[in-house]
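Here the structure comes first, spelled out in structure tokens, and everything after it is commentary.
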């Protein structure tokens, strides 16, 4: 089988990666993230129908009136309906929603309450979330440095940060809703990316110890080629699941599937071109990976 | 012999899988939509007669229940669909009248033999199944008054230190303060001082009945700020309490200016939740007054247990419950309930400083609870709920200080183990900044439409099927082995989540499938390794052996690193992040078991211990 020279284009792709990450950060600054109802809060409207209505019809009439993301729930009885909207509450919102609902039904509808609602996610989650990420990164670095070598831990963490930034960047660029399901997806991307990077690193370590010939670049190339089949298989199976979720899963898991599809693609790419690249940039060599030799007892007697 | 598992290993695997299957089984029995009928007061009995009346009420609406049973805490009627359930609740409520509470419920249909070994289904989240909805109102008047009390003591200190002579500070009905001075000169000096110190005051100098006083109003902006602070603080505390209660995937958010919504998924002990969420309890630690202390500096309180006589204690507070960093309920040497308290740094220093100079004196623990009396009155023909808040302060313990206390000590004198754990929970979760009342309680339907739920479930099934087909095509017999392991992994994961009674949401389901997608990875790693070894010229048996052997360290490293991340996320995260971390960790552990142990056992059964020419593991890589 032909050996693909992965590392031949590494400088070009390093520039590409840096551009992607910088672009993502820029987009995060300019566009910000479009936080969903979970994070920002929104408005709540409660209405009472004179007789019970199918919830699908209510959703449909709200969708037509320009509230596609509305959450519609029965509230205590089949005729009382609670509608939650991901937009700022205004004094006239209740009546606007009411007229939208009246247009879609024969029954009488009356307004019970119209109020703003706060975020479902507290500020403490954002703070703790950020802190948790940093702590997680630190511990991953320590563990990888202990099991592999320091240069590998830098590679793994850089690849991880690379993936998360790009997923967030795409979300802000396309102005996709960032809600709790997307947050869960980002956490899964972290798990996936790390898993992938470690598998590749493991083979690189093994080959550095096993192969007597070749410079670092050749050894890494060989390792990437050996793991390529596995990398593609795993990405493909995961992507298969995600395609199914994306195309058949309905709008609720759309965001989740989108975030993960980007994450899996970028994660696969980054374990080849980011993690391995970092190793070369840091001048990984055979000596870094030889099992530590036992120090000889120095006989200090004359 | 190569590639043979000893019998005990195979038996162990079968045993683990069997336990998994049994504990996952309750999820096959779907919950029934049910309506629960209980008496409005616990004295109202529920018997066959009531059940008959409920059934008659259903008949008039053309409804029938699929089953009905009498339980210790009421009657349960089961229905086919949630629509029927909602209509039935209306009908029964009208039929039985106000003496009975009819509540929507979800009744598990787990067979008795499963329930008896502690197996039960996973709970479904607010998005899939709905839950109970509480609307609580924060008492803003009380919040502002509490802040004014702080101002009063600050103003007194400031006036005293500037030697400005005042007579009294009083609260007015409209929420303003009056500061009375001995003469106009003192008042003007006071006005200058307070203007300088407090930009948030609107101060007016007034003279009435020969007295000079200042009328102090808080600015509108300041009142808003106090209210905002109170509601934010309460929101945090309520979130903490919901988490402490162990309710997974709740919804807690602000609604309108002064209200908080709490939604709890699935069937929960709603009575317990209500009791904990609205409770405003705190502790104060104070020294017992010396006999010669002036009356102005002391207060007298009663004990919680009515046998002891009231005690007089100092007005100065050493610390309050807000200095508590951690609290645990446990039992003392005599088996009496107690709460072990750890103070934060500041609290510990305060406690040490005061108790150091008070050895042999006694210290009182004061239990403070904000309560309300509710009565109903007819106002212009409409019944109105009138709530009068009051504060109950009682001493729960008065003990001699044997030695200077540090940041760890215990409190006793509690009313049983239940109260000890409740007090510990409240201290851990923090106090409410202002009293809070329940104004509405309802059940809510699922936040996702039926259509969305069905789409989600279908897509998950399609995704899983695709992975199975893909593995079969690529790895042939080994693919079948991997598929068996994958399916078993799903069963094990469901079993583990059911044992922890985790709450399942739609993103959670997607997460499970994702862990399945990723669990394939371990098998892909092993199979690729086997193929590689075959290519290197190893005979099939050795290739299998080497493949498993070599791939193990890779799988172990990769999974352990991910598991580390999951554990950290669980430790620092809250709510949804925690839930995800649990799913991820369980998925990693179960997939390691099925992908390595189970597949090896199967491969050994198929190929092990005999002469083979080739393996059915597909071509290519």
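A few points about this structure:
- Residue identified as in contact with a helix residue (DSSP H, G or I) (Cβ under 9 Å, 6 or more places away or on another chain), more than 10 Å from chain B (Cβ to nearest Cβ), modelled with pLDDT under 90 and buried (at least 20 other Cβ atoms within 10 Å of the Cβ) among A:70, A:65: A:70
- Test: residue B:414 is modelled with pLDDT under 80, touching a helix residue (DSSP H, G or I) at 6+ places or on another chain (Cβ under 8 Å), over 30 Å from residue A:74 (Cα atoms) and in the same structural domain as residue B:349 (by TED's automatic domain parsing): yes
- Some residue of the stretch B:74-94 being at pLDDT below 85, touching a helix residue (DSSP H, G or I) at 6+ places or on another chain (Cβ under 8 Å) and surrounded by fewer than 20 Cβ atoms within 10 Å (Cβ to Cβ): yes
Quick grid of which residues meet (1) over 21 Å from residue B:304 (Cβ atoms); (2) not in a strand (DSSP E or B):
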site	(1), (2)
B:335	no, yes
B:347	yes, yes
B:350	yes, yes
B:355	yes, yes
B:360	yes, yes
B:371	no, no
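- Enumeration of residues in the stretch B:258-298 that are more than 14 Å from chain A (Cβ to nearest Cβ), at pLDDT 80 or above, crowded, with 18+ Cβ neighbours inside 10 Å and part of a loop (DSSP other than H, G, I, E, B): B:289
- Test result for residue A:195, modelled with pLDDT of 90 or more and closer than 26 Å to residue A:143 by Cα: no
Residues checked against (1) at pLDDT below 90; (2) surrounded by fewer than 20 Cβ atoms within 10 Å (Cβ to Cβ); (3) part of a helix (DSSP H, G or I):
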{"position": "B:419", "(1), (2), (3)": "yes, yes, yes"}
{"position": "B:428", "(1), (2), (3)": "yes, yes, yes"}
{"position": "B:441", "(1), (2), (3)": "yes, yes, no"}
{"position": "B:472", "(1), (2), (3)": "no, yes, yes"}
{"position": "B:479", "(1), (2), (3)": "no, no, yes"}
{"position": "B:486", "(1), (2), (3)": "no, no, yes"}
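- When residues of the stretch B:243-257 are limited to those that are within 11 Å of another protein chain (Cβ to nearest Cβ) and either surrounded by fewer than 19 Cβ atoms within 10 Å (Cβ to Cβ) or not in a loop (DSSP other than H, G, I, E, B) (or both), the one modelled with the lowest pLDDT: B:243
- Counted residues, the stretch A:78-110 - those being within 14 Å of chain B (Cβ to nearest Cβ) and within 30 Å of residue B:81 (Cα to Cα): 9
- Some residue of the stretch B:133-147 being more than 14 Å from chain A (Cβ to nearest Cβ), buried (at least 21 other Cβ atoms within 10 Å of the Cβ) and either part of a helix (DSSP H, G or I) or in contact with a helix residue (DSSP H, G or I) (Cβ under 9 Å, 6 or more places away or on another chain) (or both): yes
- In the stretch B:1-25, the residues that are part of a helix (DSSP H, G or I) and more than 22 Å from residue B:591 (Cβ to Cβ): B:7, B:8
- The number of residues in the stretch B:487-512 being at the interface with chain A (Cβ under 10 Å from one of its Cβ atoms) and out of contact with any strand residue (DSSP E or B) (no Cβ under 9 Å at 6 or more places or on another chain) comes to 6.
- Criterion violated by residue A:228 - all others in (1) in contact with a helix residue (DSSP H, G or I) (Cβ under 8 Å, 6 or more places away or on another chain); (2) facing chain B (nearest Cβ under 8 Å); (3) surrounded by fewer than 24 Cβ atoms within 10 Å (Cβ to Cβ) satisfied: (1)
- In the stretch B:105-127, residue nearest to the other protein chains (Cβ to nearest Cβ) [restricted to those that are under 20 Å from residue B:453 (Cβ atoms) and touching a helix residue (DSSP H, G or I) at 6+ places or on another chain (Cβ under 6 Å)]: B:127
- Within this structure, residue B:552 fails the test of being at pLDDT 85 or above, closer than 21 Å to residue B:468 by Cα and either over 24 Å from the mean Cα position of the chain (by Cα) or facing chain A (nearest Cβ under 8 Å) (or both).
- Residues being surrounded by 19 or more Cβ atoms within 10 Å (Cβ to Cβ) and out of contact with any helix residue (DSSP H, G or I) (no Cβ under 6 Å at 6 or more places or on another chain) - total across the stretch A:21-39: 3
The values are calculated or read from the model by the stated rules, or taken from the named source; none is laboratory data. Remember, predicted model here, so these are calculated numbers, not experimental data. Cβ coordinates were reconstructed from backbone atoms using ideal geometry, including for glycine residues, and neighbour counts include every protein chain displayed.
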